[in-house]
Amino acid sequence: MKFFIDTANIDDITEANALGILDGVTTNPSLMAKEGITGQQNILNHYIDICNIVDGPVSAEVIATDFEGMVSEGEHLSGLHKNIVVKVPMTLEGIKAIKHFSSKGIKTNCTLIFSAGQALIAAKAGASYVSPFLGRLDDISSNGLDLIAQIRLIYDNYAYDTEILAASVRHPMHIIHCAEIGSDVMTGPLKAIKALANHPLTTSGLEQFLADHAKGNS
Ligand code: G3P
């Protein structure tokens, strides 16, 4: 499973990249605003900065909501750097834009996916990735993991190339369950990625090894 980090924070991206297990980055307008990145040129420069850190797909989301606006904005974003994937919201205008980008060889990430039907039409339009938001479904007492499994089944039935990018991942168990289901990618915060490495028996075992080594060499 590919690991993307879901943030626009340069320090977190740099730290995750240094682990050597990072495959890409996802951002969205809220994450950019959280980092205080405002103004069109600053936003574009920030995407380039991220692309220069991580050698993998970097999702940059369009703000336009109409087909023509999405096409114009997406083509501009795509021209910024070879790593850019144009993130397009799941709307009918977005589906038309994804079809357009797909026909031009521009990679897309269809975002705000909350149902299997949405994932199906995004794949038919040629989306490179779909982003089902599993944490936000869990938040409303729905089951985000069930949706990932349903999309996996549908895509496998028809051998769609669209990759399932599990988004709105909140904690390490989300990551593990996504891997069990066969999600192609997960995008989550640095904290959830780092938590995968933790186990109390690893910590205590290492302390014991080091203590025994120190005793034998004192
Ligand atoms: O990739 C989508 C993601 O940013 C949404 O996460 O935690 O805001 O639901 P969250």
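The values are calculated or read from the model by the stated rules, or taken from the named source; none is laboratory data. Predicted, not measured: the structure shown is a model, and the values here were computed from it. Reconstructed Cβ throughout: ideal geometry from the backbone, glycine too, with neighbour counts over all protein chains shown. Just so you know, the surface numbers come from the protein's heavy atoms only, side chains and all, with ligands and any DNA or RNA stripped out. Shrake-Rupley method; radii C 1.70, N 1.55, O 1.52, S 1.80 Å.
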In sequence order, what are the phi-derived ³J(HN,Hα) couplings for the range 43-54 according to the Karplus relation 6.51 cos²θ - 1.76 cosθ + 1.60 with θ = phi - 60°, rounded to whole Hz, with x for glycine and proline? 5, 5, 4, 5, 4, 5, 4, 5, 4, 7, 8, 10
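Charges at C-beta only: +1 for Lys and Arg, -1 for Asp and Glu. How large is the resulting dipole of the chain about its Cα centre, in Debye rounded to 20?
Values: 15 positive and 24 negative charges, 43 e Å.
Here the size comes out at about 200 debye.
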Among 143, 157, 45, which one shows the highest mean-square fluctuation when the chain is modelled as a Gaussian network with alpha-carbon springs under 10 Å? 157
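Find, to one decimal place in angstroms, the Kirkwood hydrodynamic radius of the chain, where the mean of 1/r is taken over every pair of different Cα atoms and then inverted. Can you show the working numbers first?
On the way: mean 1/r = 0.0549 Å⁻¹.
Its Kirkwood hydrodynamic radius stands at 18.2 Å.
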Scan around residue 61 for amide H atoms under 5 Å from its own, H built in the peptide plane at 1.01 Å from N, and keep only partners 5 or more places away or cross-chain. 87
Charge dipole (the chain, unit charges on Cβ, about Cα centre) - positive-most of 153, 166, 50: 153
For residue 21 and residue 156, what is the calculated FRET efficiency with R₀ set at 35 Å and r taken between the beta-carbons, to the nearest 0.05? 0.85
In terms of solvent-accessible area of protein heavy atoms at a 1.4 angstrom probe, what is the ranking of 67, 3, 209, 101, highest value first? 209, 67, 3, 101
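How would 199, 81 line up by accessible area, probe 1.4 Å, largest first?
Numbers: 199 90, 81 40 Å².
Accessible-area ranking of 199, 81, largest first: 199, 81.
Checking the table 99/191; 124/191; 2/96; 96/191; 104/191 against a 30 Å threshold on Cα-Cα, which pairs fail?
Numbers: 99/191 35 Å; 124/191 34 Å; 2/96 27 Å; 96/191 36 Å; 104/191 37 Å.
With Cα atoms farther than 30 Å apart: 99/191; 124/191; 96/191; 104/191.
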Helix 67-80 against the longest principal axis of the chain: what's the angle in degrees, Cα atoms only, rounded to the nearest 10? 50 degrees
Given a Förster distance of 25 angstrom, what is the FRET efficiency for residue 176 paired with residue 44, based on the Cβ-Cβ distance and rounded to 0.05? 0.10
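Where only protein heavy atoms count, and the probe is 1.4 Å, what is the accessible area per residue for the range 1-150 in Å²? Present the calculation step by step, with values, prior to reporting the outcome.
Values: 6710 Å² over 150 residues.
Normalised by residue count, the accessible surface of the range 1-150 is 45 Å².
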Carbon plus sulfur fraction of accessible area for the chain, probe 1.4 Å, in percent: 55 percent
So if I restrict to the alpha-carbon atoms in the range 1-75, what is the Rg, and what is Dmax, the biggest pairwise distance, in Å? 12.8, 40
Cα→Cβ-extended label distance, 7 Å offset, between residue 34 and residue 194, nm: 1.5 nm
The chain, Gaussian network, Cα under 10 Å: of 39, 105, 144, the residue fluctuating most is 39
Apply the Karplus parameterisation 6.51 cos²θ - 1.76 cosθ + 1.60, with θ equal to phi minus 60°, to every residue of the range 141-158 and state each ³J(HN,Hα) to the nearest whole Hz, in sequence, with x for glycine and proline. 6, 9, 10, x, 5, 4, 5, 4, 5, 5, 5, 4, 4, 5, 5, 5, 4, 10
Heavy-atom accessible area of residue 106 with all protein chains present, probe 1.4 Å, nearest 10 Å²? 30 Å²
What figure, in Å² to the nearest 10, do you get for the accessible area of residue 77 with a 1.4 Å probe and non-protein molecules left out? 10 Å²
With all protein chains present, calculate the accessible area of residue 201 using a 1.4 Å probe and round the result to the nearest 10 Å². 130 Å²
Kindly sort 107, 87 by accessible area of their heavy atoms, largest first, with the probe set to 1.4 Å. 107, 87
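Based solely on its DSSP helices, what 222 nm [θ] is calculated for the chain when runs of n ≥ 4 H residues each add -39,500 (n - 2.57) and the sum is averaged over all residues, nearest 500 deg cm²/dmol? Each step should come with its number before you reach the end.
Numbers: 11 runs with 119 residues, N = 218.
Value at 222 nm, helices only: -16500 deg cm²/dmol.
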